[in-house]
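Heads up: the structure comes next, in structure tokens.
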Amino acid sequence: MANYTKRINEFASVLTPFRYVANIETLSEAQLNCHGYYRGFLCPHGHTIRDKSYHWCYECVRKISNNNCGFDINYIEGLYKHRLLSIWSKIPVGDFDECWEAPALTTTRIRFPSYRSATSKNLAENISAHKVIYQCAWGDVGKMVVTRTCGNKACLNPLHMVSSWNRSFPPLEIHPFEHTFDPEKLMHSADNNLKETPEPIMNTKYQHTIQHPLLNKNTPDYDDTQELYHDSYAQEFSS
């Protein structure tokens, strides 16, 4: 746990403030630009609004900052779905506090879509396995760095990974955690995508954050009524 906090402290010095924008999905490109955002390539979770400088996904960062680590592969965007199924089939999933070692994946890079796919000739690029898994379970952080808190280079347990947006302590479990296909859910996902305005299915599946008892009381869940700047409490972690 001490190593996790150390990693968060290291990231805090270069943290980019999150800029909350009310009803951001209704803004025009010009209005998004004024706030430092743009509509870019779909992230694995179906979002398109990204930061102009570091290309992190707006909605994914909100999820990460709420300490939510979880996904259901059946509702991942189609471009990523089968790639992630193949990757997860090679990971020996164990207890949440253990390292899930998959050296066959971590000793090479994986061809995977990214924010660059919108402008690149190639749909996919070479990305480290741990960043692919982080973006699946936590969220898309664009060009920002993802590192392991356990120090085990073969580990692909998402709870052992952090970026600048993670809280001081990780949740106790991944929830939801569905890494295999379910025909009924796949059909539900396909039907939903045919709707003129698809429903945000996964938003209702994330449980309330399971916090470590020592989590700083000044790291609240995201408040839609105010702009939340992460550096205000990141400094407290490093003091």
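Can you confirm whether Cys150 is under 16 Å from Ile76 (Cα atoms) and either at pLDDT 95 or above or within 16 Å of the chain's Cα centre (by Cα) (or both)? Taking the combined requirement at face value, the residue does not satisfy it. Figure legend. Inter-residue proximity from region 188-200: first residues surrounded by 14 or more Cβ atoms within 10 Å (Cβ to Cβ), second residues at pLDDT 85 or above and not hydroxyl-bearing (Ser, Thr, Tyr), beta-carbon distance below 7 Å, spacing 6+ or different chains. Indicated pairs: Ser189/Asn74.
Could you run through region 165-187 and say how many residues are more than 12 Å from Asn67 (Cα to Cα), among the polar types (S, T, N, Q) and buried (at least 16 other Cβ atoms within 10 Å of the Cβ)? Please lay out each step first, then the result.
Filtering region 165-187 down to residues more than 12 Å from Asn67 (Cα to Cα) leaves 176-187.
Now drop any that are not among the polar types (S, T, N, Q), which leaves 180.
This time we only want the ones that are buried (at least 16 other Cβ atoms within 10 Å of the Cβ), so: none.
Total meeting the criteria: 0.
If you go through region 143-162 and keep only what is surrounded by 23 or more Cβ atoms within 10 Å (Cβ to Cβ), out of contact with any Leu (no Cβ under 9 Å at 6 or more places or on another chain) and assigned to a loop (DSSP other than H, G, I, E, B), you end up with just Asn157.
Report the residue count in region 81-106 for those that are of a type in the set (Ser, Thr, Tyr) and touching a His at 6+ places or on another chain (Cβ under 9 Å). Result for region 81-106: 2. All of Trp138, Trp100 fail the test of being under 23 Å from Ser65 (Cβ atoms) and out of contact with any Ser or Thr (no Cβ under 7 Å at 6 or more places or on another chain), apart from Trp138.
One residue stands out among those in region 1-51 that are more than 26 Å from Ile133 (Cβ to Cβ) and charged (D, E, K, R): the one that is modelled with the highest pLDDT, which is Glu29. Restrict the check to region 20-31 and report whether at least one residue is within 16 Å of the chain's Cα centre (by Cα) and surrounded by 15 or more Cβ atoms within 10 Å (Cβ to Cβ). No, because not a single residue in region 20-31 is within 16 Å of the chain's Cα centre (by Cα) and surrounded by 15 or more Cβ atoms within 10 Å (Cβ to Cβ). For Gly70, the requirement of being surrounded by fewer than 18 Cβ atoms within 10 Å (Cβ to Cβ), modelled with pLDDT of 95 or more and within 22 Å of Asn166 (Cβ to Cβ) is not met. Applying the criterion of being more than 17 Å from the chain's Cα centre (by Cα), more than 24 Å from His55 (Cα to Cα) and hydrophobic (A, V, I, L, M, F, W, C) to the residues of region 86-115, the residue that is surrounded by the most Cβ atoms within 10 Å (Cβ to Cβ) is Ala102.
Closer than 18 Å to Val61 by Cα and among the polar types (S, T, N, Q): is that true of Ser168 in this structure? In short, yes. Would a scan of region 123-133 turn up a residue that is modelled with pLDDT of 95 or more, among the acidic types (Asp, Glu) and either in a strand (DSSP E or B) or surrounded by 15 or more Cβ atoms within 10 Å (Cβ to Cβ) (or both)? The answer is no; no qualifying residue exists.
Within region 64-85, work out how many residues are part of a helix (DSSP H, G or I) and either β-branched (Val, Ile, Thr) or under 16 Å from the mean Cα position of the chain (by Cα) (or both).
Residues of region 64-85 that are part of a helix (DSSP H, G or I), as a first pass: 64-65, 73-75, 78-85.
This time we only want the ones that are either β-branched (Val, Ile, Thr) or under 16 Å from the mean Cα position of the chain (by Cα) (or both), so: 64-65, 73, 75, 80-81, 84.
Counting residues in region 64-85 that are part of a helix (DSSP H, G or I) and either β-branched (Val, Ile, Thr) or under 16 Å from the mean Cα position of the chain (by Cα) (or both) gives 7.
The values are calculated or read from the model by the stated rules, or taken from the named source; none is laboratory data. Quantities reported herein were computed from a predicted structural model and do not represent experimental measurements. Methodologically, a virtual Cβ is constructed for each residue, glycine included, from the backbone with ideal geometry; neighbour enumeration extends over all protein chains shown.
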